[in-house]
1. Determine, yes or no, whether Thr161 is farther than 30 Å from Ala95 by Cβ and crowded, with 24+ Cβ neighbours inside 10 Å.
2. Quick one: Thr18 ticks every box in (1) away from the ligand (no atom under 15 Å from the Cβ); (2) in contact with a Phe, Trp or Tyr (Cβ under 8 Å, 6 or more places away or on another chain); (3) closer than 22 Å to Ile104 by Cβ except a single one, so which number is it?
3. Among Glu294, Glu286, which is the only one that is within 16 Å of the ligand (Cβ to nearest atom), modelled with pLDDT of 90 or more and acidic (Asp, Glu)?
4. Quick check, is Ala199 in contact with an Asp or Glu (Cβ under 6 Å, 6 or more places away or on another chain) and at pLDDT 95 or above?
5. Can you name every residue in the stretch 168-187 that is near the ligand (Cβ under 6 Å from one of its atoms) and either within 13 Å of Asp328 (Cα to Cα) or of a type in the set (Asp, Glu) (or both)?
6. Taking the stretch 152-164 only, how many residues are more than 9 Å from the ligand (Cβ to nearest atom), under 15 Å from Ala135 (Cα atoms) and either of a type outside the set (Val, Ile, Thr) or not assigned by TED's automatic domain parsing to the domain that holds Val53 (or both)?
7. Which residues, taken from the stretch 260-291, are assigned to a helix (DSSP H, G or I) and either farther than 16 Å from Pro339 by Cβ or small (Gly, Ala, Ser) (or both)?
8. Pairs needed: first member in the stretch 74-95, free of Cβ contacts under 8 Å to residues at least 40 places away in the same chain; second member anywhere, of a type outside the set (Ser, Thr, Tyr) and crowded, with 22+ Cβ neighbours inside 10 Å; C-beta distance under 7 Å; at least 6 residues apart or different chains.
Amino acid sequence: MEQINIYSGKKAISRIVTSADFRDLASCLEPYPNIYAIIDAKVAQKCPALKQVADVLRRRGAKMMEVEAAEETKTLETVMGICGWLLENGADRDALLLAVGGGITTDMVGFAASIYKRGVRFAYIPTTLLSQVDAAIGGKTGVNFQKYKNILGVIRQPSFTYICPQVLESLPQRDFLSGVAEMLKTFIIEDGGNYQKAADLFFDISSEYHVEVMMYGKDGQAVWTDLLKKHRKTLNQLIAAAARVKAGVVSRDQFEKDERRKLNLGHTFAHAIETLAQKDGGERFETKGVTHGEAVAMGMVLAAKLADRYYRKDRNEPTELEGRLSSDLWDCNIPCFCPYTIQEMAQTMKKDKKAEGDKIHFVLPKAIGEVETVALTVEEVCRMMA
Ligand SMILES: NC(=O)c1ccc[n+]([C@@H]2O[C@H](COP(=O)([O-])OP(=O)(O)OC[C@H]3O[C@@H](n4cnc5c(N)ncnc54)[C@H](O)[C@@H]3O)[C@@H](O)[C@H]2O)c1
């Protein structure tokens with residue numbers, strides 16, 4: 001078990017526990033007399049590793065409710081449903097809300113905990129790679145509203161986040177790869193040798209998967225699960241490394257005044273892509289929709305192109321970085337070609353919640369491990385990317 005703290009000044013305000021199993025969960029929950037667990041229904045059904053969690057919760061007399069985790073249900077209505085359930089079950093100011101699920105569940109439960117009785121404590125057991133390396137760390141909570149992603153929310157830190165990669169073994173491959181995109185994003189921001197290590201690992205996993213499934217016709221999910229088990233050690237190291245990077249950035253700038261903006265690499269484009277896909281039913285994608293991580297992958301490639309145009313205005317061919325990112329993502333089997341033009345994305349980008357006046361802070365990757373934040377208008381971006 002490793003513990004990583006998030007600090008406000010010198011004070012630890014949230015802790016992240018990374019562990020190969022759930023042996024330490026009972027002690028993490030010990031200080032909380034009344035536990036209300038809100039669990040993604042699909043995880044409750046599909047994830048064998050969750051049995052250990054359920055046993056601990058039952059022993060502690062926790063009350064449990066299931067929610068459906070989808071972008072369409074990541075709404076105020078679902079949050080109100082959680083609050084109603086808390087009221088019915090007598091949840092008081094000493095309640096701990098425990099979210100068990102991916103980023104959708106943790107975002108909604110963190111938000112419900114922040115408004116219920118003016119704020120109760122909450123903690124997370126993230127069950128997707130994306131939530132283990134990103135969504136469940138740093139305290140951003142919220143819901144979608146009027147087709148805009150995460151437009152209602154607050155920043156408030158969970159008491160703890162318990163990361164156990166074992167739960168990922170039941171995660172569908174596509175959702176897993178969505179998390180790989182966020183992990184690569186983290187290492188583009190702060191490398192420490194992990195970017196290449198991650199790109200190599202997921203290239204190997206994807207290649208082995210293709211051989212087993214395409215050549216030998218084996219069952220896809222079973223092969224995927226076995227490959228995650230086989231590469232467990234490196235995967236666990238990379239998850240902990242990504243969590244450390246995010247915890248460090250959040251400790252230095254919890255409320256996104258400055259350095260934390262870097263974590264939005266690719267996200268202004270990604271949110272526009274997700275919003276447009278929701279509006280048109282995802283018809284431009286072969287998969288008839290796009291996951292958050294896939295949109296981030298597309299957004300990172302667009303950010304690399306923007307960086308190219310911004311720093312080297314006279315060049316037109318793709319830079320080494322844009323090419324490297326696309327080919328690494330492609331090799332990991334993550335779609336990274338954006339089907340919308342920059343003009344199509346422009347209106348949506350203007351509504352980005354990070355906009356200040358008519359400028360948005362775009363994060364521009366200069367190299368692996370080196371990014372810079374630059375305030376630009378959407379018109380300037382459209383001109384450069386045309
Ligand atoms: N708060 C933040 O800082 C932050 C950062 C990044 C992303 N996000 C948000 O996170 C969300 C995406 O998160 P996500 O990719 O984790 O999505 P998710 O919560 O929807 O999970 C993806 C899918 O996997 C299923 N699932 C989850 N865990 C599983 C498991 N162990 N086994 C089997 N199935 C499982 C879910 O039911 C769902 O169908 C987006 O809404 C995004 O806006 C928030």
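The values are calculated or read from the model by the stated rules, or taken from the named source; none is laboratory data. Here the structure is a predicted model, which is why all the values come from computation and not from measurement. Positions of Cβ are backbone-derived with ideal geometry, glycine not excepted, and every protein chain shown enters the neighbour counts.
1. Taking the combined requirement at face value, the residue does not satisfy it.
2. (2)
3. Glu294
4. Criteria met by Ala199.
5. Asp175 - this is the single residue of the stretch 168-187 that is near the ligand (Cβ under 6 Å from one of its atoms) and either within 13 Å of Asp328 (Cα to Cα) or of a type in the set (Asp, Glu) (or both).
6. 7
7. Hits for the stretch 260-291 are Arg260, Arg261, Lys262, Leu263, Asn264, His267, Thr268, Ala270, Ala272, Ala277.
8. From residues that are free of Cβ contacts under 8 Å to residues at least 40 places away in the same chain, the pairs are Cys83/Ala112.
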